[in-house]
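For reference, the structure discussed in these notes is given below.
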Amino acid sequence: MITNEIIGGIACVLAVVGVLLNNRKMIGCFYFWIVSNSLGGLLHWAAGQYTLCARDVIFLALAVAGFWKWRNEKNKIADLEGENEQLKAENEQLKTTNKQLYNRLAPFMLQEGNF
């Protein structure tokens, strides 16, 4: 049978891995924190340490909220990058159209002395 010390040690290692991943700005950190806080909460509840259990529940909620926020922001960034590429393509098309118009109108404007 797995003892509370082993489960606590696993929770600690998972929490540290979560911090290391967060330092590298990797969304996987939240998975580690969710598991770590869940294990810690269960251990603290079983030991009658309700204040620590409440802390773990709050950290768990923050990890879940952080995951959803990060995921939604990544989706927004991807959407903006897609829009940026589309605008770049439209800009290049407008440049080509402007060059074509200039090439057509330049001879007439030179004849009339407008340049």
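When each of R71, R55, R104 is scored by the number of other beta-carbon atoms lying within 10 Å, the sequence from fewest to most is R104, R71, R55. Over the chain, the Kirkwood radius and the radius of gyration, each from Cα atoms, give a ratio Rg/Rh of 1.56. Dipole magnitude for region 4-111: about 300 debye, using +1 per Lys or Arg Cβ and -1 per Asp or Glu Cβ, origin at the Cα centre.
Taking the C-alpha atoms only, the angle from helix 4-23 to the longest principal axis of the chain is near 20 degrees. In this simple spin-label approximation, R104 and N23 carry label points 7 Å from Cα along the Cα→Cβ vector, and these lie 6.2 nm apart.
In degrees between 0 and 90, to the nearest 10, how far off the longest principal axis of the chain does helix 50-111 point, with axes built from Cα atoms? Helix 50-111 sits at roughly 10 degrees to that axis.
Taking the C-alpha atoms only, the angle from helix 29-46 to the longest principal axis of the chain is near 20 degrees. Mean separation of Cα pairs under 8 Å and 6 or more residues apart, divided by the residue count, gives region 4-111 a relative contact order of 19 percent. Length gained on full extension, E85 to L62, computed as 0.36 nm times the residue gap minus the Cα-Cα distance: 4.9 nm. Local charge for C12 was computed over the other residues whose Cβ lies under 13 Å away, with Lys and Arg +1 and Asp and Glu -1, and equals -2.
Charged neighbours of G66, selected by a Cβ distance under 13 Å, balance to +3 (K, R count +1; D, E count -1).
FYI, it's all coordinate maths here, none of it is from the lab. Note that this is a predicted model, so its numbers are computed, not measured. All Cβ positions, even for glycine, are placed from backbone atoms using ideal geometry, and neighbour counts span all protein chains on display.
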